[in-house]
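The values are calculated or read from the model by the stated rules, or taken from the named source; none is laboratory data. In this text, all values refer to a predicted model and were calculated from it rather than measured experimentally. Every residue, glycine among them, receives a Cβ derived from its backbone with ideal geometry; neighbour counts consider all protein chains shown.
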Ligand code: AMP
């Protein structure tokens, strides 16, 4: 077993969004301090951190100095540049491992990695230019999604294409940005599995989550998912396989499409090497949340119990939806979480609510 960080140690978190904020709160519950490194003076995580550094992620000397001042470094967003992870690694252990970020940051590398593990994904093919678009479409079939390889999240960087002409137009609009084309999956529901893996390689799983997306953004998550025990077992097995292959440490989210009655019924869409929006319900419906378990894993502590004591429905408060905070705060059986963001821009995650129900 690794040496556990002692209470009073400092967790360095790259990124200052709501995930960093909830990680910092979980760390403080365990008597650990959080040092947030973020590039935005209004970062929501700054409000709850013991130490803050305002800096650019490209300022490698500043990132290394930040890492030298903490006991372990983690990240709350997956698009952190490899150079920044490398700079941090020179001064402190970095968890999850940089390999997990390298794979999750590039949709083509990610799908190739999963396929090589024998995990099923949507049909996909790289497209670089008009010259190989036809070959790619032959492999994938229309309708399809044209996605940028990098910097896609919440449905950004993807276009639905139904004809070859639409695909050519969408590709031209990318102006040479590396892309892939992916078959459109007719799924029954979207699922995610949150697995936490410790430094010694042990894993624990939260119950499989059923997710509803609107405009590519997660709108709601419910637990339990409406799936059979055998599908839940298979989903968990896949997530564990990915976590082991990455030598992951911390929480890993594996997002999947479930096609009822089809073979194979589960296709992995993407992985996120971090705590995840679809695990927010664990704050209120589990003894130990995904945030606390991530902190435990990177600090070398024993992992905490992941079982749920209640059924839960988590709903994101996006943009102006947060104006309902007063009514939501007064609602029975409901936990309200607001992220302290000043400006409620459309599409921006401002908070979430989790409604609890007796365990089914
Ligand atoms: P992504 O940015 O890849 O996470 O996709 C965001 C959302 O778009 C997913 O959660 C799905 O709702 C939808 N989506 C992505 N890829 C596909 C696909 N191949 N087939 C059908 N829907 C998809």
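Numbers below:
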| read-out | value |
| --- | --- |
| Verdict on residue 194 being over 30 Å from residue 280 (Cα atoms) and away from the ligand (no atom under 14 Å from the Cβ) | no |
| Residue in segment 130-149 that is under 30 Å from residue 80 (Cβ atoms), outside the structural domain of residue 212 (by TED's automatic domain parsing) and modelled with pLDDT under 90 present | no |
| Residue in segment 37-59 that is in a helix (DSSP H, G or I), at pLDDT 95 or above and under 24 Å from residue 253 (Cα atoms) present | yes |
| The one condition in (1) in contact (Cβ under 8 Å) with a residue 60 or more places away in the chain; (2) more than 23 Å from residue 235 (Cα to Cα) that residue 101 fails to fulfil | (2) |
| Near pairs, Cβ below 6 angstrom, 6+ apart or cross-chain, from segment 309-325 (under 12 Å from residue 359 (Cα atoms) and outside the structural domain of residue 226 (by TED's automatic domain parsing)) to any residue that is assigned to a helix (DSSP H, G or I) and modelled with pLDDT under 95 | none |
